[in-house]
Amino acid sequence: MIAKISHYLKRNSGFTKYLKNTSWLMAEKVARLLLALSIGVWVTRYLGPDQFGVLSYARSFVGIFTAFSSLGLNDIIIRELVKDQNQRNVLLGSSFGLQTLGSTVIMIILLISVHFNDNEPLTNKIILILGLITFLSSFNVITSYLHSNVKSKFYAITGLTGILISSLLKVYLILGEYSLIYFVYVLAFDMFFLALGLNWFYKKMGNSPFQWRFSRKVAISLLKDAWPLVLSGIIISIYMKIDQVMIKEFLASSDVGQYAAAVRLSEAWYFIPTIICSSLFPAIINAKLRDGKLYMDRLQRLYNLMVVLGVSIVLPVLLFSDWMINVLYGSAFDQSAAVLNIHILGSVFVFLGVANQKWFISENFQKYNILCLGFGMLANVLLNLFLIPKYGIIGAAYATFISQFIASVLAPVLFSKTRNSFFMMVRALFFVQIFKDRKLL
């Protein structure tokens, strides 16, 4: 088996290049996950359900609007840079300008909302701080540049260094018994350090953000391709974050804390499909340009891989959820295990959804992506309205699980142009292609 793998890698140097790129990203995210399951859990226990609920509510509230920050441009930039690296400065400069404008829109919305809501002053202060952080995310255009050049190790090194420093800061805050607001400042530090590190590596590669140029023509062209992704990003934010916002409206901050603690463990694995699909996206685009059969073959194997990874995560969590919650969070979070058991089931659909979104982009079917996600968002909002008052945070978990299935898997069958992806996902869910080919990649 090892000999076959070695022979395969030698024959496929291009695949090996992408695999190494993915390995760097995976290493950074695994380290981030391990720290989240140690330092992050310690922070959650220290804050308790009520204070952790306040922080989670604020992050979810701001998260609903974060699609305006990225404007769905990151994958579009990767696609365009793969086609033509000579347009680097104008693509990055135009995207950076658009994303900065999007963050300005976010701040205007947040300033209006905190003026009219009835939240406590601390909650509104946290919301505004998190809103300001979105301006730093505009530098993620450099991340897109690194991905397009298969140089994601620079992003990984920056992210890993930043999370190590912030983890030490969190330990200091816990031991010093600091209040919640200081942990929010650490979140701001994370984004600042990442932006600083990305700029440093970008300059080390012989480039400079000062060379970026904003082009109105290019910006309009990018938005024409990206506007469906903006809408889909908003829809994703709503159906991924609205549950915690609605729990706060119907129940209490402590219930948000109980629910968020479970969701953090469930969503901790979402980096896996994001990293793999983002890293392999250039390979999929190249296959589409060269060979249609190779293109569809790679897509099917990507779907297969997503299902296998999702199931391999779901099963252990279901078996040890009670033990995990008790050991990690303590008896104060006694309601979180039941939520985790339900919420984790949707991971398989999320994994497939991430892969399917890449297919939408490669086919320029973004408008169908919006419609599919819209069905999921609508289902989530309506289900939450019905289930939270009746079943509490358990109802919110069921609403999320059902809506994830609708958005990621079921909705594409409704349209003739996207129906093929539905059947590919069904084959993956039933392991049809895996048993046929006996291979994943």
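Projected over every direction and averaged, the convex hull enclosing the alpha-carbon atoms of segment 145-239 yields 9.0 nm².
Shown for the chain: the carbon plus sulfur share of the solvent-accessible area, taken with all protein chains present and a 1.4 angstrom probe, equals 66%. Both the radius of gyration and Dmax for segment 190-269 are 19.4, 53 Å, in that order, over alpha-carbon atoms. Report note on the peptides 170-183, 271-284: ranked by the mean count of other C-beta atoms within 10 Å, highest first, their order is 271-284, 170-183. Please compute the Cα-Cα pair-distance distribution of segment 269-322 with 5 Å bins starting at 0, giving whole percents from short to long. The percentages, shortest bin first, are 4, 19, 22, 18, 14, 9, 6, 4, 2, 1. Under the definition of Cα pairs under 8 Å and six or more residues apart, what whole-number percent is the relative contact order of segment 311-441? Rounded, it is 24 percent for segment 311-441.
Residue by residue, segment 351-367 carries 3J(HN,Hα) couplings of 4, 5, x, 5, 5, 5, 5, 5, 5, 4, 5, 5, 8, 6, 9, 4, 5 Hz when phi is fed to the Karplus relation 6.51 cos²θ - 1.76 cosθ + 1.60 (θ = phi - 60°); x denotes Gly or Pro. Going by a ≥ b ≥ c, the root eigenvalues of the Cα gyration tensor, does segment 376-416 fall in the rounded group (a/c under 1.5), the prolate group (a/b larger than b/c) or the oblate group? It comes out prolate by the Cα gyration axes.
Here the contact order of the chain, divided by its residue count and restricted to Cα pairs under 8 Å and six or more residues apart, works out to 21 percent. Diagonalising the gyration tensor over the Cα atoms of segment 33-149 and scaling each eigenvalue by 5 before taking the square root yields semi-axes of 33, 20, 8 Å, largest first. When the alpha carbon gyration tensor of the chain is reduced to an equivalent ellipsoid, its three semi-axes come out at 32, 27, 23 angstrom, largest first. Segment 170-222 has equivalent-ellipsoid semi-axes of 37, 16, 6 Å, by the square roots of 5 times the alpha carbon gyration tensor eigenvalues, sorted largest first. Shape descriptor for segment 351-409: Rg over Rh equals 1.10 (Cα atoms; Rh from the Kirkwood inverse mean 1/r). Beyond 31 Å in Cα-Cα separation lie the following of the pairs Lys29/Lys390; Lys29/Lys241; Lys224/Lys417; Lys203/Lys417; Lys125/Lys204; Lys170/Lys224: Lys29/Lys390; Lys203/Lys417; Lys125/Lys204; Lys170/Lys224.
The values are calculated or read from the model by the stated rules, or taken from the named source; none is laboratory data. Predicted, not measured: the structure shown is a model, and the values here were computed from it. Virtual Cβ from ideal backbone geometry, glycine too; neighbours counted across all protein chains shown. Quick note on the areas: whole protein, heavy atoms, side chains included, nothing else; ligands and nucleic acids left out. Shrake-Rupley method; radii C 1.70, N 1.55, O 1.52, S 1.80 Å.
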